[in-house]
């Protein structure tokens with residue numbers, strides 16, 4: 001059975017999509033895991049980097065999953081450009097359910113069940129058997145996409161940007177909503193960890209903010225953080241993962257460490 005993990009935070013610009021993209025790549029390339037990435041964010045950053053075509057050229061997207069209750073997930077799953085198509089490829093393909101701006105029109109439409117359980121209902125045993133991990137990139141707000149992602153997940157990860165005192169301000173509201181989803185739809189939903197991103201060890205603000213995050217989440221805080229790294233920004237601009245852009249960079253090292261810790265945390269809780 002696949003392990004389903006949502007990456008969520010109400011605040012944008014916390015490296016949520018960047019973390020999904022790079023952890024998925026690391027799981028596949030360095031740990032031989034079969035990965036399905038589900039992009040539920042209308043900003044479709046994950047689709048831009050992993051996609052083999054324009055986000056608007058996909059005939060079926062995550063919006064289709066929510067809108068059409070009779071549509072199964074299989075036709076919505078597409079190959080990605082990672083790994084490179086080559087006979088020398090030695091790690092599993094990463095697959096993707098894409099997103100685009102059609103997601104903006106979803107809230108308030110459809111029946112109540114589709115607002116929370118459309119994705120979970122369609123994650124059949126056949127889908128679970130095809131993948132080891134399903135990573136869901138959630139939008140930076142509470143809406144039908146986040147509801148569906150959390151209701152279908154085993155775990156959630158909250159990326160939190162260092163050097164941003166506002167990062168913890170909306171956390172109580174997010175945690176309250178997660179509690180509502182857990183009590184109403186998914187009693188097996190657990191936090192896998194808070195992931196500190198864009199950490200700059202040279203500044204007192206980053207250090208104090210990291211301490212505040214660790215104090216808030218306690219043992220749920222990932223021991224490894226993602227350091228502020230220009231190679232990550234460059235990789236995103238070039239629509240590549242950090243492992244394709246600069247595999248020896250601090251960013252690549254950090255995401256490898258976080259991915260290894262993710263596997264340890266999942267193993268410890270199962």
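Per-structure values
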item	result
Any hit, region 4-23, residues being within 18 Å of residue 195 (Cβ to Cβ), at pLDDT below 90 and touching a strand residue (DSSP E or B) at 6+ places or on another chain (Cβ under 8 Å)	yes
Of residues in region 216-227 being touching a strand residue (DSSP E or B) at 6+ places or on another chain (Cβ under 6 Å) and over 15 Å from residue 17 (Cα atoms), the one surrounded by the fewest Cβ atoms within 10 Å (Cβ to Cβ)	220
Pick from region 117-149, criterion over 18 Å from the mean Cα position of the chain (by Cα) and not in a helix (DSSP H, G or I), ranking: surrounded by the fewest Cβ atoms within 10 Å (Cβ to Cβ)	124
Filter result (at pLDDT 95 or above, assigned to a helix (DSSP H, G or I) and surrounded by 23 or more Cβ atoms within 10 Å (Cβ to Cβ)) within region 150-172	150, 152
Qualifying residues in region 37-64 (those that are surrounded by fewer than 24 Cβ atoms within 10 Å (Cβ to Cβ) and in contact (Cβ under 8 Å) with a residue 60 or more places away in the chain) - the one farthest from residue 245 (Cα to Cα)	42
Some residue of region 93-107 being crowded, with 21+ Cβ neighbours inside 10 Å, modelled with pLDDT of 90 or more and closer than 17 Å to residue 186 by Cβ	no
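One line per residue, one yes/no per condition, for (1) in a loop (DSSP other than H, G, I, E, B); (2) touching a helix residue (DSSP H, G or I) at 6+ places or on another chain (Cβ under 7 Å); (3) on the phi > 0 side of the Ramachandran plot; (4) surrounded by fewer than 20 Cβ atoms within 10 Å (Cβ to Cβ):
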| residue | (1), (2), (3), (4) |
| --- | --- |
| 214 | no, no, no, yes |
| 235 | no, yes, no, no |
| 248 | yes, no, no, yes |
| 255 | no, yes, no, no |
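The values are calculated or read from the model by the stated rules, or taken from the named source; none is laboratory data. Please read these numbers as outputs of a predicted model, since none were measured by experiment. Ideal geometry is used to build each Cβ from the backbone, glycine not excepted, and the neighbour counts take in all protein chains shown.
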